[in-house]
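Below: the structure, in structure tokens.
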Amino acid sequence: MKGQFEWSRLVEFYETDLAGITHFSNFYRWMESAEHDFLRLRGVALHQGGVGWPRVNASADFKKPIKFGDLIRVSVSIAELRTRSIRYTFEFRVNESDEIHATGEMVSVCVDLATMKAIEIPSKIRCLLE
């Protein structure tokens, strides 16, 4: 499978809680944004050709706080490319450090948007991801 992708952005004030630490819900938003950019970079158009990618599972583990103003770097990898789904893994780092502050995992299923039923990942998309 094609290698890792890194997505980055600054943590905004509105993404933090009263302690100035990133609210946990933002990690899921960031995983989805990183996934979308990862797919676009490989030429996979979202919701084109009647195919969609709903999430069926998502999890995150938090190891160290990420705070307002930090530059987060999110590494995205395809851990498993199945017949109808993709399992991604994510690692969150801050600024220039290689220390992992959080990890995440997400499973997206390929569906026919007209029926919302799981379908095999089209071969033209699979080729872009392998």
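The values are calculated or read from the model by the stated rules, or taken from the named source; none is laboratory data. What you see is a predicted model; the values in this text were computed from it and never measured. Positions of Cβ are generated from backbone atoms using ideal geometry, with glycine treated the same way; all protein chains shown enter the neighbour counts.
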Does any residue of segment 6-24 turn out to be touching a Lys or Arg at 6+ places or on another chain (Cβ under 7 Å) and either exposed (fewer than 12 other Cβ atoms within 10 Å of the Cβ) or within 20 Å of ARG82 (Cα to Cα) (or both)? no
Looking at segment 72-82, which of its residues are of a type in the set (A, V, I, L, M) and either surrounded by 17 or more Cβ atoms within 10 Å (Cβ to Cβ) or on the phi > 0 side of the Ramachandran plot (or both)? ILE72, VAL74, VAL76, ILE78
Residue list for segment 83-130, filter: among the polar types (S, T, N, Q) and either surrounded by fewer than 16 Cβ atoms within 10 Å (Cβ to Cβ) or assigned to a loop (DSSP other than H, G, I, E, B) (or both): THR83, ASN95, SER97, THR115, SER123
If we keep only residues of segment 1-40 that are small (Gly, Ala, Ser) and modelled with pLDDT of 95 or more, then the residue farthest from GLY104 (Cα to Cα) is SER8
ALA58 meets each of (1) within 14 Å of CYS110 (Cα to Cα); (2) within 13 Å of the chain's Cα centre (by Cα); (3) surrounded by 13 or more Cβ atoms within 10 Å (Cβ to Cβ) with one exception, condition (1)
